[in-house]
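J.: Handing you a structure now.
Every number in this text was worked out from the coordinates using simple rules, so none of it is lab data. Bear in mind the structure is a predicted one, so any value in this text is a computation, not a measurement. Cβ placement follows ideal geometry from the backbone for every residue including glycine, while neighbour counts extend to all protein chains displayed.
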Amino acid sequence: MMLSVAIRHDFPGFSLDAAFRAPPGVTALFGRSGSGKTTIVNAVAGLMRPDHGRIEADGRVLSDSVTGRFLPPHRRGVGYVFQQARLFPHLNVRQNLLYGRWFARGPGADFGRIVDLLGIGALLTRRPAALSGGERQRVALGRAILSNPRLLLMDEPLAALDQARKAEILPYLERLRDETGLPILYVSHSPAEVARLATTIVLIEAGRIVAAGPAAAVLSDPATAPVLGLREAGAILTGRVAAHDSDGLSRLDLPAGPVWLAHVEAVPGTVLRLRILAQDVMIALDRPQGISALNVLPATIRDLTRAESGVLVRLDVGAETLLARITQRSAKGLDLRPGLAVHAVLKAVSVAPGSVGTG
Ligand SMILES: Nc1ncnc2c1ncn2[C@@H]1O[C@H](COP(=O)(O)OP(=O)(O)OP(=O)(O)O)[C@@H](O)[C@H]1O
């Protein structure tokens with residue numbers, strides 16, 4: 001399963017020229033307001049017809065300006081989840097879910113499995129008015145999946161939810177990503193959400209794609225930091241939960257070494273994704289002694305990039321990449337340069353629970 005998009009379209013005062021591929025997993029379309037994300041999603045859904053280009057899903061042409069082919073939305077096999085759940089108020093949860101089924105191509109996903117996956121078994125007889133925002137959004141996800149789509153489009157599905165509801169629904173999105181094998185095109189404004197969910201990231205600015213590729217590589221690329229915002233720049237690392245210590249910390253084993261963080265609700269053996277902001281990483285030439293930060297990883301400097309008044313240092317840690325944001329004075333004072341072996345010091349507190357997701 002693969003979605004491939006190559007389209008050009010002109011609105012008065014705005015031109016979109018975008019080409020990218022979305023493999024199975026979550027492909028996050030990230031960019032500022034007005035950069036063209038929704039236009040792309042609408043073109044894939046068949047809600048707008050691009051002037052030029054071609055969109056293909058799973059080897060099937062959805063639209064092609066050369067041949068004039070343009071499949072209507074209901075024939076595209078696309079599940080769409082919007083910011084608002086848009087459930088039918090007069091139908092209960094089961095009926096809303098079965099409505100998705102009605103449009104399914106072929107036998108479709110197993111009802112019971114999807115209900116379990118989304119944790120909505122206890123809600124089946126309720127009407128949407130009796131659900132929380134997070135529950136409603138889970139039902140909307142279920143309805144989209146039960147239509148047995150070739151791909152899922154999600155346009156800011158969490159934007160209308162508060163932090164607690166977002167935290168509640170993120171694990172379900174992770175399960176969908178990991179268990180359905182569908183390409184999910186996911187529009188988001190939130191770097192934290194993207195860092196947690198995305199397997200592929202497409203960064204878009206003023207209708208042009210400025211970076212696209214595997215999430216870890218795009219996030220740790222200093223060139224993308226200005227688009228994400230310097231405060232949000234950072235890398236993702238993966239680690240396996242090794243132990244829960246009696247003093248309330250959990251140990252994760254990363255390829256580069258162990259890392260301790262505030263207790264994580266996950267059984268040993270679980271693979272987790274950690275987001276580490278560039279501003280929370282310090283660099284030391286020697287392994288520091290007598291320091292309160294618990295987490296020190298051996299690293300090698302790959303490159304240094306000027307960013308506003310500071311410097312972004314890209315570090316190789318094991319086979320992964322970390323980003324540190326330091327001052328020009330420090331970079332000069334320590335004589336940092338590519339190839340230099342250093343130590344990356346991470347503050348334990350910098351790994352926020354909200355940034356931990358299954359990898
Ligand atoms: N039907 C239309 N007619 C004219 N201009 C349009 C139309 N649809 C979108 N645009 C313009 O295209 C640009 C991209 O809009 P789009 O909704 O794709 O951005 P976005 O990245 O999804 O933004 P947001 O994050 O705010 O939803 C904007 O400048 C918008 O005003």
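J.: Excluding residues on the same chain fewer than 8 positions from Lys332, give the lysines whose Cα lies under 26 Å from its Cα.
T.: Lys347
J.: Follow-up question, since we're still on this one. Which one, Ala28, Ile40, Ala18, is farthest towards the positive end of the dipole of segment 1-53 when Lys and Arg carry +1 and Asp and Glu -1 on their Cβ?
T.: Of the options given, the answer is Ala28.
J.: With the cut-off at 1.5 for a/c, could you classify segment 243-285 from its C-alpha gyration tensor as rounded, prolate or oblate?
T.: The shape class here is prolate.
J.: What number, in percent, do you get for the relative contact order of segment 202-359 if the mean sequence gap of Cα pairs under 8 Å and at least 6 apart is divided by its residue count?
T.: Reported relative contact order: 25 percent.
J.: At what distance in nm do the modelled label points of Ile291 and Arg8 sit from each other, each positioned 7 Å from its Cα along Cα→Cβ?
T.: 5.1
J.: By how many nm would the segment from Thr125 to Arg302 lengthen if fully extended, with 0.36 nm per residue of separation less the alpha-carbon distance? All intermediate terms of the calculation are to be shown ahead of the outcome.
T.: Numbers: separation 177, 0.36 × 177 = 63.72 nm, distance 5.64 nm.
So the extension gain works out to 58.1 nm.
J.: What lysines does Lys37 reach when the alpha-carbon gap must be under 24 Å and sequence neighbours fewer than 8 apart in one chain are set aside?
T.: Cross-link targets: Lys166.
J.: Using +1 at the C-beta of Lys and Arg and -1 at the C-beta of Asp and Glu, which of Gly257, Ile283, Gly121 has the Cα lying farthest in the positive direction of the dipole of the chain?
T.: Of Gly257, Ile283, Gly121, it is Gly121.
J.: Okay, moving on. Please give the length that would be gained between Ala319 and Ala266 if that part of the chain were fully extended, namely 0.36 nm times their separation in residues minus their C-alpha to C-alpha distance (nm, one decimal).
T.: Extra length available between Ala319 and Ala266 comes to 16.7 nm.
J.: So, by mean Cβ neighbours within 10 angstrom, what's the order for 87-93, 297-303 with the highest one leading?
T.: The packing order, highest mean first, is 297-303, 87-93.
J.: Then there's this: Just from its helices, what would the mean residue ellipticity at 222 nm be for the chain, if runs of 4 or more DSSP H residues each count -39500 (n - 2.57) and the sum is divided by every residue, rounded to the nearest 500 deg cm²/dmol?
T.: Mean residue ellipticity at 222 nm (helix-derived): -6500 deg cm²/dmol.
J.: Extent of the chain along each principal axis, from alpha carbon coordinates, in Å, largest to smallest?
T.: That works out to 64, 51, 31 Å along the principal axes.
J.: Another question, if that's okay. What shape does segment 135-203 have by the C-alpha gyration tensor, where a ≥ b ≥ c are the square roots of the eigenvalues, rounded means a/c under 1.5, and otherwise prolate means a/b greater than b/c and oblate the rest?
T.: Oblate, since a/c reaches 1.5 and b/c is not below a/b.
J.: Residues of segment 264-288 with amide nitrogen under 12 Å from the 7 Å Cα-to-Cβ point of Ala242?
T.: Those under the cut-off are 269.
J.: What share of all Cα pairs of segment 1-49, in percent, falls into each consecutive 5 Å distance bin?
T.: P(r) over segment 1-49, rounded to whole percents: 5, 18, 31, 29, 12, 4, 1.
J.: A further question follows. Charges at C-beta only: +1 for Lys and Arg, -1 for Asp and Glu. How large is the resulting dipole of the chain about its Cα centre, in Debye rounded to 20? Please report the intermediate quantities before stating the final value.
T.: Numbers: 41 positive and 31 negative charges, 182 e Å.
It comes to approximately 880 debye.
J.: Taking amide H positions as placed 1.01 Å from N in the peptide plane, with prolines and chain starts having none, which residues 5 or more places from Leu62, or on another chain, fall under 5 Å of its amide H?
T.: Here the answer is Ile55, Glu56, Ala57, since their amide H atoms fall under 5 Å of that of Leu62.
J.: Shifting gears a bit: Taking the Cβ of Ser132 as the center, what net charge do the other residues with Cβ under 14 Å away carry, scoring Lys and Arg +1 and Asp and Glu -1?
T.: Charge balance in the 14 Å sphere: +3.
J.: Which value, in nm² and rounded to one decimal, describes the direction-averaged projected area of the C-alpha convex hull of segment 272-319? Display every interim value, and only then the final one.
T.: Values: hull surface 18.0 nm².
Here the figure is 4.5 nm², rounded to one decimal.
J.: Starting from the Kirkwood Rh over alpha-carbon pairs, what translational D in µm² s⁻¹ does segment 1-113 have by Stokes-Einstein at 10 °C and 1.306 mPa s?
T.: 100
J.: For segment 199-338, rounded, prolate or oblate, judged on the Cα gyration tensor with a ≥ b ≥ c (square roots of eigenvalues), a/c < 1.5 rounded, else prolate if a/b > b/c?
T.: oblate
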